Amino acid sequence: MSHAARRSFSVGLTGGIGSGKSLVADLFAERGALQIDTDKIAHQLTAPRGNAMESIRTTFGDAFLEADGALDRTAMRQHIFATPAARLTLEGILHPLIRFEANRAARELPGRYPLFVVPLLVESDYWRARVDRILVVDCPETLQVARVMRRNAMTEEQVRAIMAAQASRQERLCCAHDVIVNDQDIASLLPQVERLHALYCAQAAEHA
């Protein structure tokens with residue numbers, strides 16, 4: 001969808017693993033933003049009878065399906081790490097469907113403005129052009145590592161390997177229109193969210 005074809009003002013929220021994207025997105029949603037999480041859409045598409053599953057089965061074979069017909073995420077994750085071309089093939093199936101569903105939700109569901117939660121937004125030419133404001137949830141990398149190790153029972157090496165496959169902290173900050181610093185507790189987030197939500201509501205009204 002081109003800039004001129006967009007129906008409304010929108011925000012893209014992103015951040016590295018362990019930065020607290022989901023928590024921040026929920027705080028915006030509580031205030032009336034329409035939260036559209038591309039990871040959740042991807043899970044719906046790859047659930048049993050999900051819209052992506054027939055193409056995935058045809059392309060990759062039954063070995064990558066669970067018994068109930070859902071995507072075998074562990075098998076696929078191992079495959080795309082071992083075979084980089086497979087990642088591009090999978091993205092070629094999923095990304096157009098994710099974009100379609102995200103844009104449909106932005107058109108059809110109620111909210112003060114769409115807040116697209118996109119973990120790899122900075123890496124995506126499409127999403128950088130699709131949204132009016134890029135909001136980055138930021139924290140020190142050491143805190144990211146500690147949070148993910150605690151949450152997912154992963155080793156530091158595993159967490160840092162995931163981080164290395166994402167845009168760097170500096171790359172995200174260079175693309176940001178707005179930044180929320182999440183290095184303390186929820187009380188430190190609330191005034192940051194309130195300020196930006198007011199800004200986004202005002203900008204959404206101007207675009208109406």
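A few comments on the model shown:
- Equivalent ellipsoid dimensions for the stretch 112-205 as semi-axes, Å, which come from the Cα gyration tensor, largest first: 26, 18, 10
- From the C-alpha gyration tensor of the stretch 1-97, square roots of 5λ in Å: 29, 16, 14
- For the chain, DSSP calls about 5 percent of its internal beta bridges antiparallel.
- Size descriptor, Kirkwood hydrodynamic radius, that averages inverse alpha-carbon separations across the stretch 23-148, Å: 16.3 Å
- Order by protection proxy (mean Cβ within 10 Å, highest first), peptides 188-201, 65-78: 188-201, 65-78
- Each helix, a run of at least 4 DSSP H residues, gives -39500 (n - 2.57); summed and divided by the residues of the chain, these come to -17500 deg cm²/dmol at 222 nm.
Values quoted throughout were computed directly from the atomic coordinates according to the rules given, and no laboratory measurement underlies them. Keep in mind that what you see is a predicted model, and the values were worked out from it rather than measured. As a convention, Cβ positions derive from the backbone with ideal geometry for all residues, glycine included, and neighbour counts pool all protein chains shown.
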